[in-house]
Amino acid sequence: MNKRKLGRGVAVVGAGMSKYGVRTGVSNREMFVEAFKHMMASVDRGVDPKDIEANYVGCCGAWNWESQAGIGKWCTDWAGLVPIPSTTVDNACASASVAIRQGIIGIASGLYDIVLAGGVEKMSTLPTNETTLVLATGADMAWETYAGFTFPGLYATMATAYMNEYGTTSEDLMAVAIKNHDNGVLNPMAQFGQTIRDVMNARIAKAKEKGQPVPSWADEMEFLHDSAFNPVVAWPLKLFDCCPITDGAACVLLVAEEIAKDFTDTPIYIIGTGQASGGALHDRESLTSIPAAQIAARQAYEMAGVSPQDIKIAEVHDCFTIAEVMAISDIGFFKPGKEAATAAAEGKTHRDGVKPINTSGGLKSKGHPVGATGAGMVVEIFEQMKGHAGPRQVPIDANLTLTHNVGAHGTTVVVQIYERR
Amino acid sequence: MDEMPFTAASFDKFCSEKKLMASRCKKCGAIWLPPRPLCLKCKGGDMEWVELKGKGKIVSFTAIGVGAPTMIEAGYDRQHPYCAGVIELEEGCRMNAQIVGVDVEHPENIKIGTPVTVDFLERGSFSLVPAIANVNKTYAIFRAS
Ligand SMILES: [Zn+2]
């Protein structure tokens, strides 16, 4: 494979998101406007909306959850950007990253100088069992859902394989959830404003208040072992191994490198981008890694001319705890097996660790509005790289960063690398 | 048999006759399950149907407590989970299927590598489109032997 380069450089000069959570009464396009306003306010020297030339919007389930096709066009309309071209992109949970990549390609080709790209997802409208089926449509409806697989079931099958091969434990996975909740509590846009210890203490307080027997959990690990509070969803994955159902939107402003300094003194340059596809579970030789992620990461590293050791922080796709464990080895940060599985438990991926992962709270705690998730990752990277992350700001200089966004269970993966010069 | 198109519908029809059928590339001999009309290995497009012995082993699995609507209707829930997984057939190809005859309420006792044999089961189909949801069809499932 040839080493590919962008035709010209592209930078992120603005990034914003709506509040993530259960946003009853707020639609996709309305959340997109929230994200758009937040993004506009993040451009240091501002941007005239009239100068935005195209909009790419990721979304994978508006047809199901909102009975709306072509949602990107209505987002463009509500953001006041008609008649610029608007393209709706569906690559399951990687939709927004693919939308951003299309925006990058649009600028790199010379066709545009200033592009808006992001994603939306309204997910809370259906009862959970129907949403379970909508999410399963991200996998292969013909040959995976065939087995009765739910979406958690697919990752659970990979978790079983991982635990069997490497001796990884439920506690290793729980440490990922605890870490991401600890980060998310510091993110005002996150769905969960609670650490897992907070959740545990709230349960204890509730039991006391109601005069019920008070649970005697020593710590959050013991709480997570209590199947009454952390029931199995798809063994070996339990409730707290799974990301929530989230409504949300996020978007970024992409500009050509040569005009980036017109908008800010600190553009975030996209120096590497990779995208790959993968097959269904039965067509994969390994169930303990995501081959498309390894390919996309290699493309991004080669384009950027950097190695995993150089990257300071990353936002990775932790739709399930096991997904973060696989992600941090697929992008080359940790060896697959014990090293990757225990990275959270040993503090290596904490905000003050050697490789901070998911400082935003990740999908687990920030939330996972599937079509918006990839753009939400860039929002965190943007804020960390500009030193705007407030109490979650990492103590190191995050001048070189990475995002890793997985569509479904690895059928699409986008990896991108960002540099602040 | 060669006149049957290499589609999911043909596969389902064979299942209703209690046959587990795959497609085989006439050029390179690769066997594809689920059946494919194009060979991924040599990119050849000349296929034939082949009946599999229906014997294999569990590659990996899960026990699902919160299932898709069709499985909930079939009576599965948190107290009565079902096992789903990846099966590797003796012929080398793999498919995803429900696995029965295992200790699904204690999935920690289920072993990767457990030998399984195909069986056939009628159940409603999975779809969000009402017209094609819950249409009864015969599924290939696997039974621990
Ligand atoms: Zn062939």
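Using just its DSSP H runs of length 4 or more, each adding -39500 (n - 2.57), chain B gives a mean residue ellipticity at 222 nm of -2500 deg cm²/dmol after division by all residues.
Summing +1 for each Lys or Arg and -1 for each Asp or Glu among the other residues whose beta-carbon sits under 13 angstrom from that of residue A:191 gives +2.
Taking the centroid of alpha carbons for each part, region B:113-143 and region A:191-218 are 41 Å apart.
Between helix A:170-184 and chain A there is an angle of about 50 degrees, using the helix long axis and the longest principal axis of the Cα atoms. Burial here means at least 30 square angstrom less accessible surface with every protein chain in place than with the chain by itself, probed at 1.4 Å; in region B:93-128 the buried residues are B:94, B:96, B:107, B:112, B:126, B:128. With respect to chain A, whose longest principal axis is taken over its alpha-carbon atoms, helix A:196-209 is tilted by about 50°.
Tally Lys/Arg at +1 and Asp/Glu at -1 over every other residue whose Cβ is under 15 Å from the Cβ of residue A:64; what's the total? Result for the local shell: -4. Looking at region B:8-51, the accessible area is 50 square angstrom per residue; that uses a 1.4 Å probe and ignores ligands, DNA and RNA. Here's the picture: charge each Lys and Arg Cβ at +1 and each Asp and Glu Cβ at -1 in region B:8-51, and of B:21, B:33, B:10 the one pushed furthest to the positive end of that dipole is B:33. Interface burial in region A:120-141 reaches 50 Å² or more for A:129, A:133, comparing the full protein assembly with the chain by itself; accessible area from heavy atoms with a 1.4 Å probe. Give the shape of region A:122-182 as rounded, prolate or oblate, defined through the alpha-carbon gyration tensor: a ≥ b ≥ c are the square roots of its eigenvalues, a/c under 1.5 means rounded, and otherwise the shape is prolate if a/b is larger than b/c and oblate if not. Oblate shape, in that a/c is at least 1.5 and b/c is the bigger or equal ratio. For region A:50-182, the C-alpha radius of gyration sits at 1.33 times the compact-globule guess of 2.2 N^0.38 Å, with N the residue count. When the protein assembly as shown is described by a simple charge dipole with +1 on each Lys and Arg Cβ and -1 on each Asp and Glu Cβ, the residue from B:109, B:47, A:181 located farthest towards its positive end is B:47.
Report, in listed order, any pair from A:261/A:386; A:5/A:355; A:19/A:261; A:312/A:355 with a Cα-Cα distance greater than 18 Å. Check vs 18 Å cut-off fails for A:5/A:355; A:19/A:261.
Put a plus charge on the Cβ of each Lys and Arg, a minus charge on the Cβ of each Asp and Glu, and nothing anywhere else: the dipole of the protein assembly as shown about its Cα centre is then about 440 debye. Placing unit charges on the Cβ atoms only, positive for Lys and Arg and negative for Asp and Glu, gives region A:208-358 a dipole magnitude near 280 debye about its Cα centre. Within the listed set B:129, B:118, B:104, the Gaussian network model of chain B (springs between alpha-carbon atoms below 10 Å) gives the highest mean-square fluctuation for B:129.
Semi-axes of the equivalent ellipsoid of region A:1-124 are 24, 18, 13 Å, computed as sqrt(5λ) over the eigenvalues of the C-alpha gyration tensor in descending order. Per residue of chain A, the DSSP helices (runs of n ≥ 4 H) give a summed -39500 (n - 2.57) that works out to -10500 deg cm²/dmol at 222 nm.
Per residue, region A:1-57 exposes 48 Å² of accessible surface when a 1.4 Å probe is rolled over the protein heavy atoms with every protein chain present. Ignoring any ligand, DNA or RNA, what whole percent of the accessible area of the protein assembly as shown comes from carbon and sulfur when the probe is 1.4 angstrom? Ligands and nucleic acids excluded, carbon and sulfur reach 52 percent.
The residue among B:131, B:70, B:142 whose Cα reaches farthest toward the positive pole of the charge dipole of region B:55-144, with charges on the beta-carbon of Lys, Arg, Asp and Glu, is B:131. Prolate is the label for region B:8-51, because the ratio a/c of its alpha-carbon gyration tensor axes (a ≥ b ≥ c) is 1.5 or higher and a/b is greater than b/c. The accessible-area loss of region A:146-177 on complex formation, taken against its chain alone with a 1.4 Å probe, reaches 20 Å² or more at A:146, A:147, A:148, A:149, A:150, A:157, A:160, A:164. Give the shape of chain B as rounded, prolate or oblate, defined through the alpha-carbon gyration tensor: a ≥ b ≥ c are the square roots of its eigenvalues, a/c under 1.5 means rounded, and otherwise the shape is prolate if a/b is larger than b/c and oblate if not. It comes out oblate by the Cα gyration axes. Listed by chain and number, the aspartates and glutamates placed with their C-alpha closer than 18 angstrom to that of residue A:37 are A:48, A:51, A:53, A:77, A:121, A:247, A:380, A:383; residues fewer than eight positions away on the same chain are left out. Counting only alpha carbon atoms, the long axis of helix A:291-304 and the longest principal axis of chain A meet at about 40°. Shape descriptor for the protein assembly as shown: Rg over Rh equals 0.98 (Cα atoms; Rh from the Kirkwood inverse mean 1/r).
Computed with a 1.4 angstrom probe on protein heavy atoms, the B-A interface buries about 3000 square angstrom of accessible area in total. Taking the Cα centre of region A:22-147 as origin and assigning +1 to Lys and Arg Cβ atoms and -1 to Asp and Glu Cβ atoms, the resulting dipole is close to 160 debye.
The values are calculated or read from the model by the stated rules, or taken from the named source; none is laboratory data. As the structure is a prediction and not an experimental result, all values here were calculated from the model. For neighbour counting, all protein chains shown are included, and Cβ atoms are generated from backbone atoms with ideal geometry for every residue, glycine included. Heavy atoms of the whole protein, side chains included, go into the accessibility calculation; ligands, DNA and RNA do not. Shrake-Rupley method; radii C 1.70, N 1.55, O 1.52, S 1.80 Å.
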